[in-house]
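Read-outs throughout are calculated quantities, based only on the coordinates presented, and are distinct from any laboratory measurement. Predicted model only: the values in this text are computed from it and were never measured. We place every Cβ from the backbone using ideal geometry, glycine too, and count neighbours over all the protein chains shown.
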Amino acid sequence: MAPYWRDSFASPSGIHVESKRVRDAIEKARNQVLSLLGVTETGGQIIFTGNGTEAVNLAVLGHARANRRFGTHILCSAIEHPAVLNAVVALEREGFSNGTIPVDAAGHLKFDTIGDLLTSDTILLCCHLANSDIGIIQSLARIGELTRSHGIALFVDATSAAGWTEVAVDAICADLMAISPHRFGGPKGVGCLFKRQPIVIDPLTYGGEQERGLRAGMENVPAIVGAGTVAEMAQRQLRQNRLVLGTLQKRLLDGLLDAVPRIRLNGPALGQDRLCHQLSLTIDCVEAEGLVLFADMRGLVIAMGGGCLSRALETHHVLTAVGLSQLQAKQTISLGIGLETTKADVDAATEILKAGVERLRSMSPSWSDEI
C-alpha cells in the first residue's frame with residue numbers, strides 16, 4: 001500500500017502514465033477480489049466502496065430503487081446485520097414492504113418458509129453467508145436456485161464470511177455480494193461489492209464516473225490495493241488458517257466449558273457450519289458488561305453479545321431471534337480469535353474469564369439463590 005501514499009499518488013482518472021499506473025493497480029485489485037469470490041472478470045464486476053456497510057447499502061438500496069417498477073417487496077432473514085436491516089427500514093419510508101425469514105435455534109434459515117413469504121411483488125432476497133454474532137455459516141445453494149427460478153435478485157452479505165470460509169458466488173447463484181476486507185486482515189476504509197451482469201443498481205453518490213458510474217468520488221487507492229493483496233493472501237491460506245484457528249477455537253471452548261459451570265455455546269457446533277474464529281457464549285448469572293470490563297482491565301478484549309451493538313448497550317436482535325431471552329442476551333459474550341493468537345493466549349483468556357465469572361457471581365444475588 002505504501003507506494004500509493006508516496007510515489008504513485010496520481011488520480012486514476014487521468015490519461016497520463018502516472019494515472020495509468022494507479023489505474024492498473026486498481027484493476028489488479030479488482031481481479032484479485034473476483035478470484036477470491038470464485039468468478040472470472042467476465043462473470044461480473046467489483047465496485048469498490050468506502051467500507052462494507054456502504055457496499056451493503058449500495059446493493060440493497062441501489063437494487064430496490066433501480067428496479068422499483070418490477071416490485072416493491074424485499075425479503076431478509078431475522079438475523080441480518082444492521083447494515084441490511086436498517087437499509088430495508090429506510091426503504092419502507094419510500095413505500096417498499098418487507099418480509100422476514102425465520103431461523104432455528106442454531107441460526108439456520110428456515111428454507112421451507114421462504115416459498116410462503118415470496119409474493120409476485122418480491123424483487124430482492126437478502127441473506128448473509130456467515131453471521132459474526134453466532135458463527136453460523138449458511139447453506140445458500142437452494143436459496144439461490146429458488147430466487148433464480150423466480151426471477152428474484154439474491155444479495156448475499158459475505159462481510160463476515162470472506163477470508164474465513166469458501167465464498168463461491170456462482171455456486172450459490174448470488175447476484176450481488178458484499179465483502180469487507182478489514183474483517184480478514186485488510187485495511188479499513190474500503191469495501192467491495194460484486195455485481196453480476198446484467199443486474200442494474202442505482203448509485204448512492206453522484207459526481208464523476210468512478211467505479212463504472214456507481215460510486216462517484218476519488219478512489220482510496222492504497223486501501224483498494226491492500227484489499228486486493230489480502231484477498232489473494234486469504235485465498236491462498238484459507239485451508240491452513242481454518243485448520244489452525246479451528247484448533248484454537250476448540251481449545252478455548254473446551255477450556256471454558258471445563259472451567260466455568262453453566263456456560264452455553266450459541267449457534268451451531270464447531271465444524272464446517274461454523275466460523276473458525278468466533279465463539280458466542282451465554283453465562284448464567286453473569287452480566288456481559290461487567291465481564292467485558294473485568295477482562296479489559298486484565299488485557300483481554302472481548303465483546304458483549306453482538307459486536308456492532310456493544311457500545312450502544314442494546315439487546316442484540318440475533319440473540320433473541322435464535323431463542324435467547326432478554327436476560328440471556330445480556331449474559332452473552334463474543335470472543336474472537338485472530339491469526340496471531342497463540343495457545344498461550346487462549347489459555348490466558350480462559351483463566352481471566354474464569355476469574356471474572358467467579359468474581360461477578362460472588363456478587364450476584366441470583367447466583368446465590370441458584371446454589
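Worth a mention:
- For the stretch 97-179: span of alpha carbons on each principal axis (Å, largest first): 36, 28, 21
- Degrees separating the helix 82-92 axis from the principal Cα axis of the chain, which is the longest one: 60
- The order of the peptides 221-232, 336-347 by mean Cβ neighbours within 10 Å, most packed first, is 221-232, 336-347.
- With Cα atoms as the point set, the chain shows a radius of gyration and Dmax of 21.7, 76 Å.
- Contact order, relative form, for the stretch 238-362: 34 percent (alpha carbon pairs under 8 Å, 6 or more residues apart, mean separation divided by residue count).
- Taken along its three principal axes, the alpha carbon spread of the stretch 238-362 comes to 38, 30, 26 Å, from the longest extent down to the shortest.
- Within the stretch 43-186, all pairs of alpha-carbon atoms sorted by distance into 10 Å bins from zero give the percentages 12, 46, 36, 6, 0.
- Against the main long axis of the alpha-carbon atoms of the chain, helix 343-362 sits at an angle near 50°.
- Overall dimensions of the stretch 78-123, expressed as equivalent-ellipsoid semi-axes from the Cα gyration tensor (√(5λ), whole Å, largest first), are 21, 16, 6.
- Each Lys or Arg adds one and each Asp or Glu subtracts one; over the other residues with Cβ under 14 Å from the Cβ of Pro198, this totals +3.
- In the chain, the longest principal axis of the Cα atoms and the axis of helix 141-150 are about 40 degrees apart.
- Mean projected area of the convex hull spanned by the Cα atoms of the stretch 172-243, taken over all viewing directions: 5.9 nm².
- Kirkwood-based shape ratio for the stretch 21-115, expressed as Rg/Rh from alpha carbons: 1.06
- GluC sites (Glu not before Pro) restricted to the stretch 171-225 and DSSP loop, no more than 11 other C-beta within 10 Å: Glu209
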